[in-house]
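Structure first, commentary second.
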Amino acid sequence: MVGSTISAVEVSGERTLRRYPPGPTVFADRLLGRRIVASRRRGKYLWLPLDDGAALLAHLGMSGQLLMVDPDVPAGPHLRARVTFAGGGRELRFLDQRTFGGLAIDDALTADGVPDSIGHIAADPFEPVFDDERFSASLRRRRTGVKRALLDQGLVSGIGNIYADEALWRAKIHYARATDRMRPPEVARLLAAVREVMTAAIRAGGTSFDALYVSVNGESGWFDRALEVYGRAGKACSRCGTAIVRQAFMNRSSYLCPHEQVRPRHGRW
DNA sequence: CACTCAACCTGCCGGC
DNA sequence: TGCCGGCAGGTTGAGT
């Protein structure tokens, strides 16, 4: 869609624009006639810079989808917004079942092209501006458990519950490991594991447990078949054979190998 | 400032 | 069959 000019915008659903107070009418007016000049991301945020210096910003939440589809594809019950382009062809649709996702327009971007409204979101590990040393120092300054830190998008972005568990398993670190007790080599090992997991997942097209998790072309990823711990309670650890366990933590599930990821004596939750 | 927790939603699954 | 609790990949804003 880069290079295309927006010819129409429709929004349905109360919550779609809850992070955009001006509302659906202003939203549509603001986008009409604008040309999309790029597509970018930081962590779990996606945005489309426009030819007037603003950007259409999106977050998929838990169940959101951005799809490019033919206009004659029937609209399902979870269609929240539709953007059509001059010259016809495929249109951009935002679908969201659980409505944790949303759209917005940000009028101003920072010097590095990131929307002002997500200035609190840290760089993700694949951005050129990501600074490994700075990340290590910030992490070690925290007084918390390492999984909490990994999930904190203000420290490092892009890591969710699945990839946190997978990276910790690869690095053989327990989720409650105290960040302020970690030495730089251990942080480096963890960061390398994060990048390995995410590189493999991206190559596989992502983790699709069901039809909610698809690419912009509607295709499922197959990384769920490559998961080592997430969702595998009771199954054997592929390295040591010990049964993977599931534990409740932070109001969600953590999966780990209890033999290789030993709860630390001075752990932090 | 660092951190924790509840809240925001819908749908599916297993147990009774 | 229907009801109920539990659970799901995320972020925020108020509170400690």
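Output the residues belonging to the stretch A:154-173 that are under 21 Å from A:Gly119 (Cβ atoms) and more than 11 Å from DNA strand B (Cβ to nearest atom). If you could, list the steps in order and put the result at the bottom.
Filtering the stretch A:154-173 for residues under 21 Å from A:Gly119 (Cβ atoms) gives A:154-160.
A:Val156, A:Ser157, A:Gly158, A:Ile159, A:Gly160 - these are the residues of the stretch A:154-173 that are under 21 Å from A:Gly119 (Cβ atoms) and more than 11 Å from DNA strand B (Cβ to nearest atom).
Of all residues in the stretch A:215-244, how many are of a type in the set (A, V, I, L, M, F, W, C), more than 21 Å from A:Gly205 (Cβ to Cβ) and either assigned to a loop (DSSP other than H, G, I, E, B) or within 13 Å of DNA strand C (Cβ to nearest atom) (or both)?
Initial filter on the stretch A:215-244 (of a type in the set (A, V, I, L, M, F, W, C)): A:216, A:222-223, A:226-227, A:229, A:233, A:236-237, A:240, A:243-244.
Right, trim to more than 21 Å from A:Gly205 (Cβ to Cβ) and you get A:233, A:236-237, A:240, A:243-244.
Those still in the list that are either assigned to a loop (DSSP other than H, G, I, E, B) or within 13 Å of DNA strand C (Cβ to nearest atom) (or both) too: A:233, A:237, A:240, A:244.
Residues in the stretch A:215-244 being of a type in the set (A, V, I, L, M, F, W, C), more than 21 Å from A:Gly205 (Cβ to Cβ) and either assigned to a loop (DSSP other than H, G, I, E, B) or within 13 Å of DNA strand C (Cβ to nearest atom) (or both): 4 in total.
Among strands (runs of 3 or more DSSP E) lying entirely in the stretch A:1-81, which contain 2 or more residues that are under 19 Å from the mean Cα position of the chain (by Cα) and not β-branched (Val, Ile, Thr)?
Where strands (runs of 3 or more DSSP E) fall fully within the stretch A:1-81 and carry at least 2 residues being under 19 Å from the mean Cα position of the chain (by Cα) and not β-branched (Val, Ile, Thr), they are A:40-42, A:45-49, A:55-59, A:64-69.
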| said: Take the conditions within 28 Å of A:Glu133 (Cβ to Cβ), of a type outside the set (S, T, N, Q) and within 16 Å of DNA strand C (Cβ to nearest atom) and apply them to A:Tyr175. Does it pass? | reply: yes
| So which pairs qualify, if the first residue must be in the stretch A:113-142 and closer than 11 Å to A:Val156 by Cβ and crowded, with 18+ Cβ neighbours inside 10 Å, the second must be at pLDDT 90 or above and among the aromatic types (Phe, Trp, Tyr), the Cβ gap must be under 6 Å, and the two must be at least 6 apart or on different chains? | A:Ala123/A:Phe130
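Being farther than 17 Å from A:Leu190 by Cβ and not aliphatic (A, V, I, L, M) is the filter; apply it to the stretch A:245-262 and report the residue that is farthest from DNA strand C (Cβ to nearest atom).
So, considering only residues that are farther than 17 Å from A:Leu190 by Cβ and not aliphatic (A, V, I, L, M), the one farthest from DNA strand C (Cβ to nearest atom) is A:His259.
Only one of A:Arg134, A:Arg142, A:Arg148 is within 15 Å of DNA strand B (Cβ to nearest atom), closer than 24 Å to A:Leu191 by Cα, touching a Ser or Thr at 6+ places or on another chain (Cβ under 7 Å) and of a type outside the set (Phe, Trp, Tyr). Can you tell me which?
On the way: A:Arg134 fails: touching a Ser or Thr at 6+ places or on another chain (Cβ under 7 Å); A:Arg148 fails: touching a Ser or Thr at 6+ places or on another chain (Cβ under 7 Å).
Criteria check complete, one pass: A:Arg142.
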| What about A:Arg142, is it among the basic types (Lys, Arg), touching a Gly at 6+ places or on another chain (Cβ under 9 Å) and either near DNA strand C (Cβ under 9 Å from one of its atoms) or over 28 Å from A:Leu79 (Cα atoms) (or both)? | no
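Please note which helices (runs of 4 or more DSSP H) are completely contained in the stretch A:106-183 and include at least 2 residues that are out of contact with any His (no Cβ under 9 Å at 6 or more places or on another chain) and aromatic (Phe, Trp, Tyr). Steps first, answer last, please.
On the way: elements: A:132-141, A:146-151, A:161-171.
Filter on the stretch A:106-183 gives A:161-171.
Using the structure shown, decide if A:Asp152 is over 30 Å from A:Arg34 (Cα atoms), out of contact with any strand residue (DSSP E or B) (no Cβ under 7 Å at 6 or more places or on another chain), surrounded by fewer than 19 Cβ atoms within 10 Å (Cβ to Cβ) and not β-branched (Val, Ile, Thr). Reasoning before the result, please.
Details: over 30 Å from A:Arg34 (Cα atoms): yes; out of contact with any strand residue (DSSP E or B) (no Cβ under 7 Å at 6 or more places or on another chain): yes; surrounded by fewer than 19 Cβ atoms within 10 Å (Cβ to Cβ): yes; not β-branched (Val, Ile, Thr): yes.
Yes, satisfied.
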| Inside the stretch A:174-216, can you point out the residues that are within 16 Å of A:Pro264 (Cα to Cα) and either over 22 Å from the mean Cα position of the chain (by Cα) or not assigned by TED's automatic domain parsing to the domain that holds A:Ala233 (or both)? | A:His174, A:Ala176, A:Arg177, A:Ala178, A:Thr179, A:Asp180, A:Arg181, A:Met182, A:Arg183, A:Glu186
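The values are calculated or read from the model by the stated rules, or taken from the named source; none is laboratory data. The structure presented is a predicted model; accordingly, all values stated were derived computationally and were not measured. Neighbour counts are summed over all protein chains in view; Cβ atoms, including those assigned to glycine, are modelled from backbone coordinates with ideal geometry.
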